[in-house]
Amino acid sequence: MANIFLDSNYFFDVTERDINKREALNNNKVFVSALSYHIFFYTYKHKAPNKLINKHKKEFYIADLTDKILSLSLEGPTNDLEDNIQLHSASESDCDIFLTNDKKLFNMKFFGKTRITSSF
């Protein structure tokens, strides 16, 4: 069993765009940033409360957006604050794998001990 963090774009896949990807996550501890929910609702124009989203939420561990994560994110490692928040959230959640569809993050290969990939 691995600790897996879902970047916002990958979170969108498992909840809206390609729900078959969700099955591959079974038997793992899956983390999502609280920020991803905000981005998700804004992008898809969902309204709260939303029973389907509340059901999905029970399947994930939520990484809080803390002052520490924000402070670290403002320093890098990229020039994209949202990417930095996701990466630092994964690191603070002690995740083994960071799942993303963001090709520019693949060049990093790792953030700390967290492997950056599109599959596992």
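The values are calculated or read from the model by the stated rules, or taken from the named source; none is laboratory data. Small disclaimer: the values here were computed from a predicted structure and weren't measured. Here the Cβ is made from the backbone with ideal geometry for all residues, glycine too, and neighbour counts use every protein chain on show. Keep in mind that these areas ignore ligands, DNA and RNA; they rest on the heavy atoms of the full protein, side chains included. Shrake-Rupley method; radii C 1.70, N 1.55, O 1.52, S 1.80 Å.
Worth a mention:
- Only one of 5, 41 that is open to solvent by less than 20 Å² (accessible area, probe 1.4 Å) and either in contact with a Pro (Cβ under 7 Å, 6 or more places away or on another chain) or of a type in the set (Phe, Trp, Tyr) (or both): 5
- Single residue of region 96-105 satisfying the filter (in contact with a strand residue (DSSP E or B) (Cβ under 6 Å, 6 or more places away or on another chain) and under 17 Å from residue 82 (Cβ atoms)) that is surrounded by the most Cβ atoms within 10 Å (Cβ to Cβ): 98
- Selection count where residues are closer than 21 Å to residue 85 by Cβ and out of contact with any Leu (no Cβ under 8 Å at 6 or more places or on another chain), scope region 1-14: 5
- Enumeration of residues in region 57-111 that are under 13 Å from residue 31 (Cβ atoms), part of a helix (DSSP H, G or I) and small (Gly, Ala, Ser): 89, 90, 91
- Filter result for residue 100 (among the hydroxyl-bearing types (Ser, Thr, Tyr) and modelled with pLDDT of 95 or more): yes
- Close contacts from region 39-66, counting a first residue that is in contact (Cβ under 8 Å) with a residue 24 or more places away in the chain and a second that is in a loop (DSSP other than H, G, I, E, B), with Cβ to Cβ under 6 Å and a gap of 6+ residues or different chains, come to 63/93.
- Selection from region 8-24 of residues that are touching a helix residue (DSSP H, G or I) at 6+ places or on another chain (Cβ under 7 Å) and open to solvent by less than 60 Å² (accessible area, probe 1.4 Å): 8, 11, 12, 13, 14, 15, 21, 22
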